[in-house]
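Asks: Take this structure first; my questions come after.
Readers should treat all values here as calculations from the given coordinates under stated rules, not as data from a laboratory. These figures come from a predicted structure and were not determined experimentally. For neighbour counting, all protein chains shown are included, and Cβ atoms are generated from backbone atoms with ideal geometry for every residue, glycine included.
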Amino acid sequence: MTKNTLLEVEGLKQYFPIKGGFLGRTVNHVKAVDDISFHINEGETVSVVGESGCGKSTTGRAILRLDEPTEGKVTFQGTDVLALSKSEMRKMRSDMQIIFQDPYASLNPRKTVKMTLIEAMTIQNIGEPKEREQRALEIMETVGLQKHQIDRFPHEFSGGQRQRIGIARALAVNPKLIIADEAVSALDVSIQAQVLNLLQRLQREMGLTYLFIAHDLGVVRHISDRIIVMYLGKIVEMGDTKSIFDNPQHPYTKALLSAIPVPDPKNKSERIFLRGDVPSPIDPPSGCRFHTRCPFATDKCRTEIPVLEHKDETYAGQHDVACHYAIDIQEGRHKPTHEMKNVRKVLDEEGQDIAETKEELNQR
Amino acid sequence: MAVASKERVRDTKPVNPRIKSFKEFFKRLRKNKSALIGFYVLAFLLLVSIFGAIDANYNLLGVNSNATSLTEKLEGPSAAHWFGTDHLGRDIFFRILHGMYITLGVGFAATFMGAIVGVPLGIIAGYYGGWLDTIIMRVMDVLLAFPGILLALAIVSVLGGSTINVTIAIAIGSLPQFARIVRGSTLTTKKLEYVDAIRALGARDGKIIFQHILPNIMSPIIVNTTLFIASAILSAAGLSFLGLGVQPPTPEWGAMLNDGRNYMYQAGHITFFPGMMIVIVVLAFNLFGDGLRDAIDPKQKN
């Protein structure tokens, strides 16, 4: 595999203004993505994971300039994407495509598959006008759709088939990088597997590079080379898939991984419950953003922002973590400042108090 | 085998959703009795108004509706003059027939002009946002701050009273309504993922607006247009009644109301029949427009 860097993101920030007051002045900002840097190599699959609202989709949209980023630098094959003019950017877009989450909203209900695909090719001026229909048929075959379905409208397809149309539309312009924004999370599990296999096959055949945005860790483990874990607009951990799954160093990653169900009833692995909700990205916590929910948090965490860096000297590959105590926790030198199991209120993802619910159930 | 595959192809023949939804739309429209009545009344009136429009010399079925006859003035309804005659002995029935195309024409033209300008303004405001949005919508708010008839009055007093000026005045009054509705729909539509997808493909703004946003916001525009014609007709009649609109002796219904004002107690029919016609036309447009809205989008019912 070539190790050429395809995409490089440096110090990317995406602040959304909150308008308020009589004159519609900017009162505050939602810091959706706050100073993140990473790179993607050619032919690689990099996944971005995190809770909803952590800024993973925003990152994808900012790279494509669907929302203009506030600050930062995005370099694609040596070209500064954010410095391009509108028309230069339009040409550039054929190299970077996106597949959306909702297969029901991502296709224009008034256009047939043929119209959608030919429109994509026309915009990017790909192929001779006469050949475009033939090419559309070929692409349909590539993504596993029947040729006779080419004149159908989106509402005549199932969710999985629609997602294939979405993929076909992205492929129609010969992209190098595809950003898959939760591309399979809206699909049934069996269809998910089919679409994932399709994406992997396309990667092998066409040498595509994926930035895979997801929240399903099982899916991510299956397909990615490297993983980026985001929390509240920041990268907390980034590294090779195997290393992240086998040896998670950030407490947040540990909590995420402990939430993956294990298909073995005898395996009673410790589930780490996080306290409370994700804080507001309008006014994120000082220091380490995770300190409000971290069982290991100390005063240092509340004041000092941890740097994302390689901490584990025994590992040769890439594994960066943004935690002051990553190694100390690993080697047992730093104990939790409060015991998670003894916390009286155990909260699940929706903020519901599980302990109370159980008592209520017993009373009935 | 060959037959079987042929049949399969026929089975899978696509139904254009536009045709399909059009059929469903008519089905829903037919179920709505009042909308259907409105539709038939409008169709009939439009047909009639064509006759009035063809003949500029006010001759219909051998009757000159502009011919005055002092011997027959202020006569009540009779077999010779179905709706009676006015203070100059003109036949009211034929004057109403002739006035029909003016009334409907002003209504249609004003609404059309308002839509032609208001829809692009709304799309630009909604699509581009930012300072463009602020400027356009604040200007619309200013227009909206005047009562419609007052605004039209002011414009007509500046431009002078004539059919075209009345049309322009009413069209200007309709701008905010169109701009607001279109802006709202554009804001909703542009957030849909397929608009993002086409943007990610590198489409120009014009293409996105005309091929992906406009077709998907047509239904509120159509409904609003139908409903606005009714109020445009009312405004036109109101202006003519005040003597600022269409000038006599043109048989505009509002002007006819004004003619009959002085004779209300002796000959109420002079004001009654044109007034009744205005009510019928406005009612028909409103019934049809309401039915159209329910048929196009059963979800939005207010």
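Asks: Based on the Cα gyration tensor of chain B, what are the three equivalent ellipsoid semi-axes, each the root of five times an eigenvalue, rounded to whole Å and given largest first?
Replies: Values: eigenvalues 386, 144, 42 Å².
They are 44, 27, 15 Å, listed from largest to smallest.
Asks: Among the GluC sites (Glu not before Pro) within segment A:104-161, which fall in a DSSP loop and have no more than 16 other Cβ atoms within 10 Å of their own Cβ?
Replies: Those that pass, being in a loop and sparsely packed, are A:Glu131.
Asks: Here's another thing I want to ask about it. Along Cα→Cβ, 7 Å out, is where each label goes; now give me the distance between the ones at A:Ser158 and A:Met206 in nm to one decimal.
Replies: The modelled label-to-label distance comes out at 2.3 nm.
Asks: Would you calculate the separation in nanometres between label points at B:Leu143 and A:Met89, each defined as 7 Å from the Cα along the Cα-to-beta-carbon direction?
Replies: Taking the simple label geometry, B:Leu143 and A:Met89 are separated by 3.1 nm.
Asks: Moving on. Just add up the charged neighbours of A:Ser280: K/R +1, D/E -1, any other residue whose Cβ is under 15 Å from the Cβ of A:Ser280.
Replies: Values: positive: A:Lys31, A:Lys234, A:Arg289, A:Arg293; negative: A:Asp34, A:Glu51, A:Asp277, A:Asp283.
Overall, the nearby charge balance is 0.
Asks: Further question on the same structure: Tabulate in residue order the Karplus-calculated ³J(HN,Hα) for segment B:125-131, using 6.51 cos²θ - 1.76 cosθ + 1.60 with θ = phi - 60°, rounded to whole Hz; enter x for Gly and Pro.
Replies: Karplus-based 3J(HN,Hα) across segment B:125-131 equals 4, x, 6, 8, x, x, 5 Hz.
Asks: Calculated FRET efficiency, B:Leu132 and A:Glu10, Cβ-Cβ r, R0 30 Å, to nearest 0.05?
Replies: Calculated transfer efficiency: 0.40.
Asks: Hey, another quick one. What does the helix-only formula give at 222 nm for chain A: each DSSP H stretch with n ≥ 4 adding -39500 (n - 2.57), the total divided by the residues, and the result rounded to the nearest 500 deg cm²/dmol? Could you put the intermediate results ahead of the total?
Replies: Numbers: 12 runs with 110 residues, N = 364.
That comes out to -8500 deg cm²/dmol.
Asks: Just to verify a number: FRET efficiency for B:Lys191 and B:His87, C-beta to C-beta distance, R0 = 51 Å, to 0.05?
Replies: Once rounded, the FRET efficiency stands at 0.25.
Asks: Next question. Normalising by the residue count of chain B, find the relative contact order in percent from Cα pairs under 8 Å and 6+ residues apart.
Replies: 24 percent
Asks: If you don't mind, there's one more thing I want to ask. In terms of modelled amide H atoms, which long-range or inter-chain residues lie less than 5 Å from the amide H of A:Gln14?
Replies: Counting only residues 5 or more places away or on other chains, the set is A:Ala32, A:Val33, A:Asp34, A:Asp35, A:Thr70.
Asks: Just the number, please: percent antiparallel of the DSSP beta bridges in the protein assembly as shown, rounded to the nearest 5.
Replies: Around 65 percent antiparallel, to the nearest 5.
Asks: With charges set only on the Cβ (+1 for Lys and Arg, -1 for Asp and Glu), what does the dipole of chain A come to about its Cα centre, in debye to the nearest 20?
Replies: That gives chain A a dipole magnitude of about 640 debye.
Asks: Per residue of segment A:98-106, in order, report the coupling 6.51 cos²θ - 1.76 cosθ + 1.60 (Karplus, θ = phi - 60°) as ³J(HN,Hα) in whole Hz, putting x for Gly and Pro.
Replies: 9, 10, 9, 6, 8, x, 8, 9, 8
Asks: Once the piece of chain linking A:Glu138 and A:Asn41 is laid out straight, how much longer is it, given 0.36 nm per residue of separation minus the C-alpha distance between them?
Replies: Roughly 32.1 nm would be gained on extension.
Asks: Can you give me the long-range amide H partners of A:Val48? Hydrogens built in the peptide plane at 1.01 Å from N, cutoff under 5 Å, separation of 5 or more residues or another chain.
Replies: For A:Val48, whose amide H was placed from the backbone, the distant partners under 5 Å are A:Phe212, A:Ile213, A:Ala214, A:Ile228.
Asks: Also, quick follow-up: Hey, what number do you get for chain B at 222 nm if only DSSP H runs of n ≥ 4 count, each worth -39500 (n - 2.57), divided across all residues, to the nearest 500?
Replies: -23500 deg cm²/dmol
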